[in-house]
Amino acid sequence: MRFEKWQGLGNDYIIVEASALPGTLSVEAVALLCDRHLGIGGDGVLLRDVPSGAVPGAVARMRIFNPDGSEPEMCGNGIRMFAKYLRRTGVVEADAFVVETLAGPIGPRLLPDGRVRVDMGTARFQGDSIAGDLVGEAQEVVARELEVRGERYTYTFVDVGNPHCVIAVDDVVDLPLEQVGPLIERLPLFPNRVNVEFVRKEDDGSITMRVWERGVGETLACGTGATAVGAAAVRLGLARSPVRIHLLGGDLDIDVAEDWRVVMTGPAEEAFSGWLSTEMLHKLGWKES
């Protein structure tokens, strides 16, 4: 089975074709493929599949699998990689097109400088991924409080196709993200679990963030996370659009419109490609095609 390895600001994914899979992409298979010692290594797997027909005009369907086997709705870094992969493999020739995801239609545009600009849809400050009985039905969840490990945090919930909990702090460097992140991710407040972003406003109006990704852990970058942070920063008055977001792996630019439609711009690069060995296929429980 052939694969390609791509990265966007250090957030790395394995891209494979659904038609080339010699077996089921099980939870165990995804975990082994993503293992940085025993497999290819990555923050997840992107699967190119044929459109289901649910999104008119979609050129492809992107499915995303986290190392724990869970399937998130969207991946902001992933869609940039996926878009450039579609162009490089000849699936599309146009600069702009539509991709089907679990979050609905997503419209990437390839820019002359090699970056990808993506219409991420409308940011919402409420949704089905936050427990309505705990925050109040049909209410926006902005600057609310939650408590973990005896610490109280002020958070804003943002849904950009997948759920995010954005928390402003004074120090993102010494924050115990590995301890706090998984606890917030699994709070009853978030029935579908949640991505957690801790952010700090900088003097130049930009935002620095660290992210704990649902089903992954801390990553160098998260495109949907940066999108949610940009929307939350504008909503809370921490920044003005466009917002430059500093992640551990680099910067993303987020444009936030008055109606909360959000556009993300950033890089994506192919790292390498290859074929799985016979031994790896057997470990995955697959047969050679």
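The values are calculated or read from the model by the stated rules, or taken from the named source; none is laboratory data. Values in this document were obtained by computation on a predicted structure and should not be read as measured data. Counting neighbours? That spans all protein chains shown, and the Cβs are built from the backbone with ideal geometry, glycine included.
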Could you tell me how many of the residues in the stretch 131-162 are within 24 Å of Gly78 (Cα to Cα), among the β-branched types (Val, Ile, Thr) and outside any strand (DSSP E or B)? 1
Unmet criterion (only one of (1) acidic (Asp, Glu); (2) assigned by TED's automatic domain parsing to the domain that holds Ser19; (3) touching a Leu at 6+ places or on another chain (Cβ under 9 Å)) for Glu218: (2)
Keeping to the stretch 188-204, report how many residues are over 18 Å from the mean Cα position of the chain (by Cα) and over 15 Å from Leu247 (Cα atoms). 5
Going through Pro22, Pro51 one at a time, which residue ends up being assigned by TED's automatic domain parsing to the domain that holds Met74 and at pLDDT 95 or above? Pro51
If Asp253 passes every condition in (1) more than 19 Å from Gly107 (Cα to Cα); (2) of a type in the set (Asp, Glu); (3) surrounded by fewer than 22 Cβ atoms within 10 Å (Cβ to Cβ) but one, which one does it miss? (1)
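May I ask you to list the residues in the stretch 64-79 that are assigned to a loop (DSSP other than H, G, I, E, B) and either crowded, with 20+ Cβ neighbours inside 10 Å or of a type in the set (A, V, I, L, M, F, W, C) (or both)? Even if it seems obvious, please write down each step before you answer.
Here is the first cut: in the stretch 64-79, the residues assigned to a loop (DSSP other than H, G, I, E, B) are 66-75.
Scanning the stretch 64-79 gives Asn66, Pro67, Pro72, Met74, Cys75.
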Is it fair to say Gly76 is of a type in the set (Gly, Ala, Ser) and out of contact with any Ser or Thr (no Cβ under 9 Å at 6 or more places or on another chain)? no
Read through the list (1) part of a helix (DSSP H, G or I); (2) surrounded by fewer than 23 Cβ atoms within 10 Å (Cβ to Cβ), then give the number of the only condition that Phe82 fails. (2)
Can you tell me which residues in the stretch 242-272 are more than 11 Å from Thr122 (Cα to Cα) and of a type in the set (Lys, Arg)? Arg244
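Picking from Val92, Val118, which residue would you name as being at pLDDT 95 or above and surrounded by fewer than 20 Cβ atoms within 10 Å (Cβ to Cβ)? Don't jump to the end; show me each part of the working.
Working: Val118 fails: surrounded by fewer than 20 Cβ atoms within 10 Å (Cβ to Cβ).
From the options Val92, Val118, the qualifying one is Val92.
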Got a number for residues in the stretch 84-103 being small (Gly, Ala, Ser) and under 14 Å from the mean Cα position of the chain (by Cα)? 1
Sole residue being more than 21 Å from Arg80 (Cβ to Cβ), of a type outside the set (Val, Ile, Thr), at pLDDT 95 or above and buried (at least 17 other Cβ atoms within 10 Å of the Cβ), chosen from Ala239, Ala268: Ala239
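Hey, among Leu284, Leu220, Leu183, Leu247, which residue is over 25 Å from Pro105 (Cβ atoms) and touching a helix residue (DSSP H, G or I) at 6+ places or on another chain (Cβ under 6 Å)? Give the steps one after another, and end with the answer.
Working: Leu220 fails: touching a helix residue (DSSP H, G or I) at 6+ places or on another chain (Cβ under 6 Å); Leu183 fails: touching a helix residue (DSSP H, G or I) at 6+ places or on another chain (Cβ under 6 Å); Leu247 fails: touching a helix residue (DSSP H, G or I) at 6+ places or on another chain (Cβ under 6 Å).
Criteria check complete, one pass: Leu284.
Do you know which residues across the stretch 259-282 are under 30 Å from Arg240 (Cα atoms) and not β-branched (Val, Ile, Thr)? Steps first, answer last, please.
Step one: list which residues in the stretch 259-282 are under 30 Å from Arg240 (Cα atoms), which gives 259-269.
Scanning the stretch 259-282 gives Asp259, Trp260, Arg261, Met264, Gly266, Pro267, Ala268, Glu269.
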Is it the case that some residue within the stretch 211-218 is within 21 Å of Ala143 (Cβ to Cβ) and modelled with pLDDT of 95 or more? yes
If you go through the stretch 85-105, how many residues are touching a residue at least 24 places away in the same chain (Cβ under 8 Å) and part of a helix (DSSP H, G or I)? 3
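Anything in the stretch 1-44 that is under 16 Å from Ala268 (Cα atoms) and basic (Lys, Arg)? List them, or say none.
Scanning the stretch 1-44 gives a single hit, Lys5.
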